[in-house]
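This report concerns only the one structure given below.
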Amino acid sequence: MDAIPAIRVVDIRKSFGTLEVLRGVSFDVHRGNVVSMIGASGSGKSTLLRCINRLETPSAGEVYIDGEPMGAVEGRDRPLSEINRMRRDLGMVFQQFNLWPHMTVLGNVIEAPIRVLGMSRKAAAALGEECLARVYLSEKAREYPARLSGGQQQRVAIARALAMRPKAMLFDEPTSSLDPELTDEVLTVMRELAKAGTTMIVVTHEMGFARDVSHRVLFLHNGQIEEEGSPAQVFGNPKSDRCRQFLSKHLQ
Amino acid sequence: MGNWERLVWNQRGVLLQGLMVTVEVCLIAFVLAVLGGLALCLVRMYMRPLKPLAVLLTEFFRATPIFVQLMWVTYVWPEIFGWPNSFFTAGWVALGLQSSGYLAETFRAGIEAVPRGHREAGYSVGMSPVLVFGRIVLPQSLLTVAPSIVNQFTVIVKSSTLVSVITVQDLMFQALKLVNVWYEPIEILTATAGIYIGFIFLVSTAGKMLADMLRQRYGLAAA
């Protein structure tokens with residue numbers, strides 16, 4: 001393990017009004033590792049993920065990307081433009097895909113490489129084709145998202161995130177809004193990313209995926225990490241009662 | 001049938017000339033309405049200090065009867081601003097301003113209809129708020145409201161008949177002139193109504209086709 005983790009989360013807290021959603025969460029993700037976050041709805045998993053790339057601003061705590069603090073620079077709040085720059089390093093995949101409907105599939109993938117990284121259209125298109133090939137959707141490049149199935153849309157969303165060559169990928173329940181027969185194609189792509197050494201944090205209800213692919217599993221409860229460890233440990237011999245209850249419900 | 005030929009067919013040149021003026025006044029008013037509506041909407045949503053002014057103007061344009069607004073622009077503006085200096089200009093300005101109030105609200109609905117997640121997807125690939133607005137929010141909302149914008153054009157066409165009152169020589173003006181010459185309102189006014197119906201039908205059909213295309217191609221439902 002290298003000294004500086006790809007992502008270090010230190011005592012993240014988040015409140016919405018009086019509701020405390022995250023009550024101090026800390027963990028490291030090392031380069032090339034996959035960390036799965038499991039837990040009941042409302043346990044704070046998604047909020048935690050959104051705090052990591054600062055779609056939500058944490059109430060307290062800090063996130064470090066390759067040792068660089070996300071929220072502060074030289075002791076002051078990091079300006080929004082700087083946060084935008086750091087967000088490029090974290091590819092985000094949403095439950096609702098969130099493809100841009102007025103752009104083609106390829107257009108979705110190459111938008112940020114062109115507008116944010118300043119790549120030429122030609123270079124970006126080559127990169128885009130390469131990313132679409134990784135999710136097995138090369139032949140859909142000229143289609144609009146509305147013509148694609150949910151599973152295909154989600155794979156395009158993965159390609160769009162990959163096109164920024166992020167240091168890590170964040171998945172926020174990527175298969176939760178898919179029909180069961182479409183989840184496999186997305187999980188297959190994610191397994192391949194993991195095998196290729198992509199650093200990933202995955203919020204998921206797919207226990208099979210979490211068990212097979214993760215290096216570490218975090219079980220969140222009430223805004224805190226209730227249980228963490230290797231998949232074998234968490235799934236095979238959970239220490240906490242709540243985790244055991246949760247797993248017995250989800251591992252039919 | 002003799003009356004139709006004498007009063008309508010033989011006068012088709014005059015009516016057609018009037019129709020051209022109607023089209024002209026409506027098109028210019030439409031451009032003003034779209035640009036003005038977009039400006040009002042953007043100021044209202046994104047320029048906090050000027051928001052009350054934009055709200056005031058939007059509500060004023062929407063709440064005033066078009067006839068009052070027409071009179072106001074035609075007879076009050078020249079006294080205050082020294083402009084407009086022709087009835088034709090006053091006509092499209094009044095029509096355009098009223099529709100800009102309605103379109104400002106249409107644009108706002110379109111912008112608010114863009115799912116939050118679409119903006120977040122932009123932020124998460126490092127796009128700035130300006131980029132997200134210009135590349136994701138605005139194009140998508142313009143597409144969403146395009147059919148409504150086309151429909152607003154039919155409203156302008158209908159309201160435009162009032163500019164005949166300030167002697168703009170549109171279709172309605174020419175029709176009334178013919179009625180006053182021949183004292184035969186039945187055929188002339190019926191034919192005029194028919195022309196308006198045909199014109200508006202064409203425009204609203206175009207709007208429907210546009211909405212269908214947007215739904216099929218982009219999966220966007222009209223706002």
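Kindly list, by first and then second residue, each pair from a residue in region B:194-223 that is closer than 16 Å to B:Gly110 by Cα to a residue that is surrounded by fewer than 12 Cβ atoms within 10 Å (Cβ to Cβ), limited to pairs with Cβ atoms under 8 Å and residues at least 6 apart or on different chains.
B:Arg215/B:Ala221
Which residue is nearest to the other protein chains (Cβ to nearest Cβ), if the candidates are limited to region A:87-107 and must be aliphatic (A, V, I, L, M) and over 20 Å from the mean Cα position of the chain (by Cα)?
A:Met103
Which one is nearest to A:Gly24 (Cα to Cα), of the residues in region A:183-221 that are part of a helix (DSSP H, G or I) and among the basic types (Lys, Arg)?
The selected residue is A:Arg211.
So which of B:Ile156, B:Ile166 ends up being at pLDDT below 95 and more than 14 Å from chain A (Cβ to nearest Cβ)?
That would be B:Ile166, the only listed residue that is at pLDDT below 95 and more than 14 Å from chain A (Cβ to nearest Cβ).
Answer with yes or no whether A:Arg50 is among the basic types (Lys, Arg) and surrounded by fewer than 18 Cβ atoms within 10 Å (Cβ to Cβ).
no
Listed here are the residues, each with its yes/no results for (1) away from chain B (no Cβ under 13 Å); (2) more than 21 Å from A:Arg216 (Cβ to Cβ); (3) not in a helix (DSSP H, G or I).
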site: A:Lys14; (1), (2), (3): yes, yes, yes
site: A:Ser46; (1), (2), (3): no, no, no
site: A:Arg50; (1), (2), (3): no, no, no
site: A:Ile83; (1), (2), (3): no, yes, no
site: A:Val109; (1), (2), (3): no, yes, no
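If A:Arg155 satisfies all but one of (1) at pLDDT below 95; (2) more than 14 Å from chain B (Cβ to nearest Cβ); (3) in a helix (DSSP H, G or I), what's the number of the condition it fails?
Status for A:Arg155: all satisfied but (1).
Filter region A:161-180 for residues that are among the hydrophobic types (A, V, I, L, M, F, W, C) and in a loop (DSSP other than H, G, I, E, B); which is surrounded by the fewest Cβ atoms within 10 Å (Cβ to Cβ)?
A:Leu178
Could you grab me the full set of residues in region B:110-127 that are of a type outside the set (Phe, Trp, Tyr), touching a helix residue (DSSP H, G or I) at 6+ places or on another chain (Cβ under 7 Å) and within 7 Å of chain A (Cβ to nearest Cβ)? Outline the logic, then answer.
Taking region B:110-127 as the starting set, the residues that turn out to be of a type outside the set (Phe, Trp, Tyr) are B:110-122, B:124-127.
Then drop every residue that is not touching a helix residue (DSSP H, G or I) at 6+ places or on another chain (Cβ under 7 Å), which leaves B:110-111, B:113-114, B:118-119, B:122, B:124-127.
Selection gives B:His118, B:Ser124, B:Val125, B:Gly126, B:Met127.
Of the numbered conditions (1) without any contact (Cβ under 8 Å) to a residue 12 or more places away in the chain; (2) at the interface with chain A (Cβ under 10 Å from one of its Cβ atoms); (3) at negative phi; (4) not polar (S, T, N, Q), B:Val130 fails exactly one; give the number of that condition.
Going through (1) without any contact (Cβ under 8 Å) to a residue 12 or more places away in the chain; (2) at the interface with chain A (Cβ under 10 Å from one of its Cβ atoms); (3) at negative phi; (4) not polar (S, T, N, Q) one by one, B:Val130 breaks only (2).
What's the total number of residues in region B:121-132 that are crowded, with 20+ Cβ neighbours inside 10 Å and either in contact with a Leu (Cβ under 9 Å, 6 or more places away or on another chain) or not β-branched (Val, Ile, Thr) (or both)?
To start, the set of residues in region B:121-132 that are crowded, with 20+ Cβ neighbours inside 10 Å comprises B:121-127, B:132.
When the remaining residues are screened for being either in contact with a Leu (Cβ under 9 Å, 6 or more places away or on another chain) or not β-branched (Val, Ile, Thr) (or both), the result is B:121-124, B:126-127.
Adding up the residues that qualify gives 6.
Let me confirm something: among A:Val135, A:Val73, A:Val93, which residue is β-branched (Val, Ile, Thr) and surrounded by fewer than 17 Cβ atoms within 10 Å (Cβ to Cβ)?
After ruling out the rest, the residue left standing is A:Val73.
Go through region B:7-113 and tell me which helices (runs of 4 or more DSSP H), entirely inside it, have 1 or more residues that are over 30 Å from B:Val181 (Cβ atoms), among the charged types (D, E, K, R) and over 15 Å from the mean Cα position of the chain (by Cα).
Output list reads B:12-46, B:51-63, B:77-81, B:87-112.
Hey, can you tell me all the residues within region A:235-252 that are small (Gly, Ala, Ser) and either closer than 14 Å to A:Ala40 by Cβ or in contact with an Asp or Glu (Cβ under 8 Å, 6 or more places away or on another chain) (or both)?
Those that are small (Gly, Ala, Ser) and either closer than 14 Å to A:Ala40 by Cβ or in contact with an Asp or Glu (Cβ under 8 Å, 6 or more places away or on another chain) (or both): A:Ser240, A:Ser248.
The values are calculated or read from the model by the stated rules, or taken from the named source; none is laboratory data. This one's a predicted model, so the numbers in the text were calculated from it and none came from an experiment. Cβ coordinates were reconstructed from backbone atoms using ideal geometry, including for glycine residues, and neighbour counts include every protein chain displayed.
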